[in-house]
Structures are given as structure tokens and as C-alpha cells.
Amino acid sequence: MGKPPAERSMVRYDFAARRLYIEVPLDGGTRVELNPAQGHYLRNVLRLSDGAEILVFNGRDGEWRARLSGGSRNFALVALTQTRRQEQGADLHYLFAPLKHARLDYMVQKAVEMGAGLLQPVLTRRTQTERVNIERMRANAIEAAEQCGILAVPGVVEPLKLECVLAAWPQERLLIFCDEDADCADPLTALYAAKRGTPLAVLVGPEGGFDPSERTAILADPSVIRVSLGPRILRADTAAVAILALVQAVLGDWRS
Ligand code: SAH
């Protein structure tokens, strides 16, 4: 996880600038035709007109200042200068049982803001939603990336059953298991005791919690550390933010 100190300074970007994720390759002078939804957003929602400048990124080629141009129907952008070089996303996987719409939207956005590098839906016995809308999650991840200034958009991958996740678990990746049934002990002690510098993952369960056999299977994995998030039962979306804050502060990119 540890980047050299010089690269770890605060993200330097213009908070007031609008940032737009686009898919095509970016280079100086690249002209990007915007799709109708993007054009509508820039013209009618943000009320930008020809000549206005925004920041664009595609998750691969860094961030670019770009100028809007184009007629009344089709908007286009021309990339001018690179404002930031591409950075790698954090090696922190967020594993979660999918929730229903509004909470899932929130959880995906917050996990991205908190620095998750990959979002892995996990199907458990008590998962409420079997059908998971990956495209909607990707759209939420992109929106959060646009808003919080990161350049690497976290991947959202296809859901996997919990037993498949555990069967294929790479032993070097620490799996921080948020267990509402764990004795309420200090989570910081558990995290400080964990080996540093290893790839990380966090697992938060469904609203119905884990079933006892699932808990046994998770705890049998030697890569797992079990943490409690205090004496109250948190909603899964709250647990997401709480554990990611603890992990980032102790093991992740909040450390100076
Ligand atoms: N229905 C369950 C609670 C599930 S809460 C029950 O009543 O027991 C959803 C998920 O959030 C849990 O599976 C767990 O991963 C996490 N979580 C919520 N509160 C927690 C706590 N106090 N400690 C650790 N994890 C917690």
C-alpha cells in the first residue's frame, strides 16, 4: 500500500472544477464527442457553454483540462493540457452483500470515496437481492470518482457466492471481516496487530447478517481477522463507512 511520501500529499486539484469521466483515450488535442446524456448534463444542468473548461479523465490517461465546443445539438470536448498524471487505485477490495436500491447506491458511492479499489458483491444465504445491477453500481462508482477527485475508477465485478470467494481466496490478502457477533473488542487493536503492507479486503454482510455456517467458514480462513464495530448493530451501509475509515487510518492511505 505505502506510496513514497512525496506522492502522498493531499490530492491537488481544483475542487470547484467540474470533472467528467469519459471512456475514450486522452491526449493533448484529442477531440471527444460527447453522448447526449453528457451533453445534456454539461449544457442544461451545469449550464456551461462553448469555451467553458472542465476536467476530464478516463481512468487510464490521467486528468486533462478540456474545453467545450460544438453546436447546439452535439457537444464536444478538446483536451488541452494534462493536469495530473494517472495514479493507481488503492489495493483495497470491498466485499459486500448487495442491498436494495437506495442503500446500495449510497454504499457504492461511499466505498469509492473511502478509497476502495475494487467492489466485489458477495451473495450470502441472507442476501436480500439476488439480481444485482452491475451497470448501476458502475455508474455510481463513476459519479463518486468524478466528485471526489480520484483518477482510477474502482472496478465493479460480477457477484460471487461467498463459498466461491472463500475457496479462491489468495492467502496473502488480509480479509477484515466485520462480524456483528464478535465479542465487542477494540477494532483498532485487531487492525494494529495485522501485518502491514499486504493487500487488503473488507467484508460486510447483508442486512440479515451472516448465518452461523457462513461465519464458521469465514473464520476458518487463515487470512481473516475478525472485527467488531462496537456494541450496536449498524446498517450495512453505515458499517461500510465505519470499517473503511478504520482500515484506511490504520493500514491504508490515511496514514502520513
Ligand atoms: N441482522 C443482523 C445485523 C446485520 S448488519 C443482526 O441483527 O444481527 C449488516 C452487516 O454490517 C453485518 O453482517 C456486519 O458485517 C456489519 N455490522 C453491523 N454491525 C456491526 C457490528 N457492531 N460489528 C461488526 N460488524 C457489524
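Just so it is clear, none of the values below were taken in a lab; they were calculated from the coordinates. Please read these numbers as outputs of a predicted model, since none were measured by experiment. Positions of Cβ are backbone-derived with ideal geometry, glycine not excepted, and every protein chain shown enters the neighbour counts.
Here are the numbers:
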read-out: Positive-end residue, the chain charge dipole about Cα centroid, Cβ charges, pick of 252, 191, 42; value: 42
read-out: Cα centroid separation, the stretch 199-216 to the stretch 67-114 (Å); value: 27
read-out: The stretch 161-256: GluC sites (Glu not before Pro) in DSSP loop, at most 14 other beta carbons within 10 Å; value: 172
read-out: Unit charges on C-beta of K, R, D, E only; dipole of the chain, Debye; value: 560
read-out: FRET efficiency, 1/(1 + (r/R0)^6) with R0 25 Å, evaluated for residue 87 and residue 27 via beta carbons; value: 0.90
read-out: Theoretical gain in end-to-end length, residue 131 to residue 74 [0.36 nm per residue, Cα-Cα removed]; value: 17.0 nm
read-out: For the chain, calculated [θ]222 nm from helices alone, where every DSSP H run of n ≥ 4 adds -39500 (n - 2.57); value: -8000 deg cm²/dmol
read-out: Within a Gaussian network of the chain (alpha carbon springs, distance under 10 Å), most fluctuating of 202, 122, 165; value: 165
read-out: Computed FRET value (nearest 0.05) for residue 17 with residue 182, which takes r as the C-beta separation and R₀ as 41 Å; value: 0.40
read-out: Residue exposure sequence - 75, 96 - by fewest surrounding Cβ within 10 Å; value: 75, 96
read-out: For the chain, radius of gyration divided by Kirkwood radius, i.e. Rg to Rh on alpha-carbons; value: 1.02
read-out: Cβ charges +1 (Lys, Arg) and -1 (Asp, Glu), total dipole of the stretch 185-256, debye; value: 260
read-out: Top positive-direction residue, dipole computed over the stretch 39-121 with Cβ charges, set 98, 117, 51; value: 51
read-out: Length released on extending from residue 173 to residue 48, taking residue separation times 0.36 nm less the Cα-Cα span; value: 40.5 nm
read-out: Derived scalar couplings ³J(HN,Hα) [the stretch 236-253; Karplus, 6.51 cos²θ - 1.76 cosθ + 1.60; whole Hz; x for Gly, Pro]; value: 4, 5, 5, 4, 4, 5, 4, 6, 5, 5, 4, 5, 5, 6, 8, 10, x, 8
read-out: Square roots of five times the Cα gyration tensor eigenvalues for the stretch 187-256, Å; value: 21, 16, 10
read-out: Förster-model FRET efficiency, 35 Å R0, residue 161 and residue 35, C-beta, rounded to 0.05; value: 0.50
read-out: Length released on extending from residue 217 to residue 101, taking residue separation times 0.36 nm less the Cα-Cα span; value: 38.9 nm
